[in-house]
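Every number in this text was worked out from the coordinates using simple rules, so none of it is lab data. Bear in mind that the values here come from a model prediction, so they are computed numbers and not experimental data. Cβ placement follows ideal geometry from the backbone for every residue including glycine, while neighbour counts extend to all protein chains displayed.
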């Protein structure tokens, strides 16, 4: 978003604006979260021509096959694509969803029922396929591993 955005959000959260606990104002019961969402979403909506970016870090900590403490970090920085006029948020979420659909269409994943992403990601072939699919579309996760 912009410099200081995180601090503003933390201040709103700590002040109760994201609470789901109903409060009464002038005899009307309202949820602070619903009220805040109604107000803020209008302010946060992108205007035509606005460009945005996505920054994400996924940190995994555990013990590797040799019994040593290991940390694996995936970093992502993605920007609005001017060529296609697709927002970064659309690219990072939409392409991931279409990658999952392609897992099924290409018979790379054959589980029955509902599978949340974290269960699909436990299958190395599926995980690698999704990262490769994203990379082909310019959404690149950079991986680092460290032993502790």
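Quick notes on this one:
- If you take the alpha carbon atoms of the chain and fit the smallest convex hull around them, that volume is 202 Å³ per residue.
- Between the beta carbons of residue 81 and residue 15, assuming R0 = 35 Å, the FRET efficiency works out to 0.45 to the nearest 0.05.
- In terms of the mean number of neighbouring beta-carbon atoms within 10 Å, the peptides 97-105, 45-53 order highest first as 97-105, 45-53.
- Cα centroid separation, the stretch 1-55 to the stretch 69-148: 28 Å.
- Label positions at residue 29 and residue 6, each projected 7 Å from the Cα along the C-beta direction, are separated by 3.7 nm.
- With Cα atoms, 0 to 90° folded angle of helix 124-136 axis to the chain main axis: 70
- FRET efficiency, residue 45 to residue 102 (Cβ-Cβ, R0 25 Å, nearest 0.05): 0.25
- Theoretical ellipticity at 222 nm over the chain - DSSP helices of four or more residues, -39500 (n - 2.57) apiece, nearest 500: -12000 deg cm²/dmol
- The mean sequence distance of close C-alpha pairs (under 8 Å, at least 6 residues apart), as a share of the length of the chain, puts its relative contact order at 21 percent.
- Computed label-point distance, nm, for sites residue 119 and residue 74 using a 7 Å Cα→Cβ extension: 1.8
- With R₀ set to 22 Å, the beta-carbon distance separating residue 127 from residue 65 gives a calculated FRET efficiency near 0.85.
- Counting only Cα atoms, the stretch 5-44 measures 33, 21, 14 Å along its principal axes, largest extent leading.
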